[in-house]
Structure formats: C-alpha cells, structure tokens
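Take a look at the structure set out below.
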Amino acid sequence: MDMKDFRLDGKVALVTGASYGIGFAIAKAMAGAGATIVFNDIRQELVDKGMASYQEAGIDAHGYVCDVTDEAAAAELVAKVKEEVGPIHILVNNAGIIMRIPMLEMSAAQFRKVVDIDLNGPFIMSKAVIPGMIEQGGGKIINICSMMSELGRETVSAYAAAKGGLKMLTKNIASEYGEYNIQCNGIGPGYIATPQTAPLREPQPDGKRHPFDSFILAKTPANRWGEAEDLGGPAVFLASPASDFVNGHILYVDGGILAYIGKQPAGE
Ligand code: NAP
Ligand code: GCO
C-alpha cells in the first residue's frame, strides 16, 4: 500500500451546500489532500460568504448557485463545471435540511420539502454526474446520511425517512454502477456542532445546558458533540483510491452513539 493512495491530487470534488458547516469542513479536508473544490448553494449571498471562507482558508474554490432539487439546474451546473474547472471525479451530497415537527403536526408539504432536498437532491445530483464518471472510467459519490438513517426520534419523521432512504439510494448506486468503477458510500455523522443543530445546544436562560445537549452527551461514549472537522478524514478516505474496493458502505462517524445503550444510572 502506498500512502499516495490517500491523496486526491488532480481530482475535482463537487460538495453540495458547502458554504459552511459539514460541507465546508469536508471540502477543506479534500483541498488539503490535493483536490480542486467546487461547491454550490442556493443563493448568491451564501456562495459569496462561502467563497470568502475558502479564501480565508487559502483554498482556491469555485462556487456556483444551484438548488439541488432542480434537475435542469443540476445538469447545467455539471456541464459548467466540466467546462470551467474540469470533469467531476468526486461528488459529496451534503446539502440538507431538517424540520423538527411532531408528525401529526407536520403538513404533507413540509414532509415533501425535506424529502425533496435530502433524498431527491442526492438522486438528482448523482444522476447528473454518473454519465461523466462512466465516461472517465470511474468516480466517487459520498452521501451524507445521519444517525437517523438507523434510528428514529420524536419530531424528525421526514428527515429520518429521507436519510433512511439515502442509505438505500447509496447501496443502490453502488449496486447499479459498481461495474463502472464508481464507488458510492455514505457517511453517517453523529451529533455535530453546526448551525443545523444550534437550537439543540442553546444554553437555558439559567445558563444550564439544553436538556437535548445533555441527552446527547449521555448517549455518546466520546462524551462530546462532534466537530465538522471530524468528518474530514473519513470523507478523504472514501474519496481516495485507498477505498476503491469499499462500495455501498455507510461509515458512521458518531463518537460511538450507535454502539452504546446510553449512560447508565450511577451504581447499577
Ligand atoms: P447546515 O449547517 O444547515 O448546512 C447545510 C447546507 O446545505 C447549507 O449551506 C444550506 O443552505 C444548504 N442547502 C440547503 N438546501 C439546499 C438546496 N436545496 N440546494 C443547495 N444547498 C442547500 O447543515 P450541516 O449540519 O452542515 O449538515 C450538512 C449535512 O449533514 C446535511 O445533509 C445534514 O442533514 C447532515 N447531517 C448533519 C448532522 C449534524 O449533526 N449537524 C448530523 C448528521 C447529518 P442554507 O443555509 O440556505 O439552508
Ligand atoms: C436532530 C438532529 C439530527 C442530526 C443528525 C444526527 O434533530 O435529531 O438535528 O437529525 O442533525 O442528522 O445524525
């Protein structure tokens, strides 16, 4: 084995929704491994904000406006990237939203919106890049799944349905396009401190931890929230030649949550 197999030199990586948060951290790690970074977001102001963050990090990234739920826009983005940057070797389906609403209070329109961005989005983006990957002789697709690809919890029915579906879309892409040297794997982040989870970590008026924050610490053997940077190494591995025979796998990066029953009462 050659350590060079972990490098991404000469590769173009498209990371969706990567102006900040997990997508940004993954893109930064991939840039560190030698990849050229392309990212998209839904509004120009977010792309501009992202570009400023990449510049500050010393990364010469390429930012585009594109909504991952828009099939025509996705095809246009992939064509533009090919022309302006180069063919895409790595796609990270990171863009996603969550709505925390009890199921009986959730409208079908809200449910559809979450599924549209979190599940249809990765389908649309993957469909847009796979023909080019086949033409190039291979490629890597990484889908950002969740604890909710395995577990349920009150208030996240749409998100769990979408992320459970994304786990299976991952296995299906691996099954359908593995013979073209395309590896499609998932990363299942545990609870990561990003704007998406900020409401769950907001300190109480009396300064105490948010009850959900304490709950997550008790469920996580690592006894901390993950940082977006914790996803960098796993993402680089799954994007690199070092993982060429890893396909249809979901790599949970969760500080041990899925292995653990939760902190037991003292003395038991
Ligand atoms: P985040 O901070 O909310 O970032 C998500 C990004 O996706 C934002 O830049 C967002 O733009 C963008 N986005 C939303 N809808 C989009 C669309 N239709 N087209 C293009 N971009 C869009 O979230 P995060 O915590 O970094 O999460 C990133 C991914 O990891 C998500 O798929 C999330 O479900 C998953 N995840 C997060 C955690 C966690 O604990 N944080 C754990 C497991 C999995 P706006 O700012 O306009 O919304
Ligand atoms: C929630 C959280 C989660 C995380 C993550 C867990 O409300 O339970 O936001 O869904 O974001 O996806 O892996």
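The values are calculated or read from the model by the stated rules, or taken from the named source; none is laboratory data. Quick caveat: nothing in here was measured; it's all calculated off a predicted structure. Backbone-built Cβ (ideal geometry, glycine too); neighbour counts: all protein chains shown.
Figures for the structure shown
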{"quantity": "Residue that is more than 16 Å from ligand 2 (Cβ to nearest atom), within 22 Å of Ile187 (Cβ to Cβ) and buried (at least 17 other Cβ atoms within 10 Å of the Cβ), where the choices are Ala61, Ala25, Ala57", "calculated": "Ala61"}
{"quantity": "Which numbered condition Ala158 misses (of (1) near ligand 1 (Cβ under 9 Å from one of its atoms); (2) out of contact with any Leu (no Cβ under 8 Å at 6 or more places or on another chain))", "calculated": "(1)"}
{"quantity": "Members of the stretch 184-198 that are under 12 Å from Ile97 (Cα atoms) and more than 13 Å from the chain's Cα centre (by Cα)", "calculated": "Pro195, Thr197"}
{"quantity": "Tyr20 vs. criteria closer than 25 Å to Ser149 by Cβ, surrounded by 15 or more Cβ atoms within 10 Å (Cβ to Cβ) and either among the hydroxyl-bearing types (Ser, Thr, Tyr) or at pLDDT below 95 (or both)", "calculated": "yes"}
{"quantity": "Yes/no for Tyr159 being more than 11 Å from ligand 2 (Cβ to nearest atom) and among the aromatic types (Phe, Trp, Tyr)", "calculated": "no"}
{"quantity": "Matching option when the condition is under 28 Å from Glu105 (Cα atoms), modelled with pLDDT of 95 or more, surrounded by fewer than 17 Cβ atoms within 10 Å (Cβ to Cβ) and over 14 Å from the mean Cα position of the chain (by Cα), among Glu150, Glu202, Glu179", "calculated": "Glu202"}
{"quantity": "Options Ser126, Ser149: the member that is more than 13 Å from ligand 2 (Cβ to nearest atom) and hydroxyl-bearing (Ser, Thr, Tyr)", "calculated": "Ser126"}
{"quantity": "2 or more residues in contact (Cβ under 8 Å) with a residue 40 or more places away in the chain: qualifying helices (runs of 4 or more DSSP H) within the stretch 169-268", "calculated": "211-219, 232-239"}
{"quantity": "Evaluation of Met148 against (1) farther than 25 Å from Glu229 by Cα; (2) in contact with a Lys or Arg (Cβ under 6 Å, 6 or more places away or on another chain); (3) in a helix (DSSP H, G or I) (one fails), failing number", "calculated": "(1)"}
{"quantity": "Qualifying position, being among the charged types (D, E, K, R), surrounded by 15 or more Cβ atoms within 10 Å (Cβ to Cβ) and away from ligand 1 (no atom under 14 Å from the Cβ), among Lys163, Lys140, Lys127", "calculated": "Lys140"}
